[in-house]
Amino acid sequence: MGIGARHVAIMAGLLALAGAATPAVAGGNAEHGYKLAAADCARCHVLPGEHNMGLDMAPSFKIMVTSKLPDWRKRFKTFYDLRPHPNFARIRELPQTLESPPVVHPFELTLKDLDDLMAYVDELAAKYRK
């Protein structure tokens, strides 16, 4: 069952709300964001420091924050909607967008967790973006 125009419109509205709920660092806890990244994201993505075993096809956090893509922050804030993440990343307050079974063990985050992840990402960007 595919996603129809109505579902796309609903998701666009929810993503806009999620964007509003995840401001730059407004109250985000970078230390907690790092712990979330180490527990969930490091399964595929290399984190600067001790997490050096990611998947070949998954870009490291350092590469993503130093990306020349103008929308790199938006991509981090909405990662759960970018492939392959909808298959296994769950945001408690948002509906699941993919109906197929997960290919890896799923994990669940809250919108507050997204604020914390963004605080961690912002710290990385401040350190590595020149």
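The values are calculated or read from the model by the stated rules, or taken from the named source; none is laboratory data. What you see is a predicted model; the values in this text were computed from it and never measured. Neighbour counts are summed over all protein chains in view; Cβ atoms, including those assigned to glycine, are modelled from backbone coordinates with ideal geometry.
Quick notes on this structure:
- Among the candidates Leu124, Leu117, Leu94, Leu111, residue that is at negative phi, in contact (Cβ under 8 Å) with a residue 40 or more places away in the chain, in contact with an Asp or Glu (Cβ under 8 Å, 6 or more places away or on another chain) and not small (Gly, Ala, Ser): Leu111
- Hey, Val46 among the hydrophobic types (A, V, I, L, M, F, W, C), surrounded by 12 or more Cβ atoms within 10 Å (Cβ to Cβ), modelled with pLDDT of 90 or more and touching a Gly at 6+ places or on another chain (Cβ under 7 Å) or not: yes
- For the range 74-87, the criterion of being assigned to a loop (DSSP other than H, G, I, E, B) and over 22 Å from Val46 (Cβ atoms) is met by no residue.
- Gly54 vs. criteria free of Cβ contacts under 8 Å to residues at least 60 places away in the same chain, surrounded by 15 or more Cβ atoms within 10 Å (Cβ to Cβ) and not hydrophobic (A, V, I, L, M, F, W, C): yes
- The condition of being surrounded by 12 or more Cβ atoms within 10 Å (Cβ to Cβ) and either among the polar types (S, T, N, Q) or touching a Cys at 6+ places or on another chain (Cβ under 6 Å) (or both) does not hold for Ser100.
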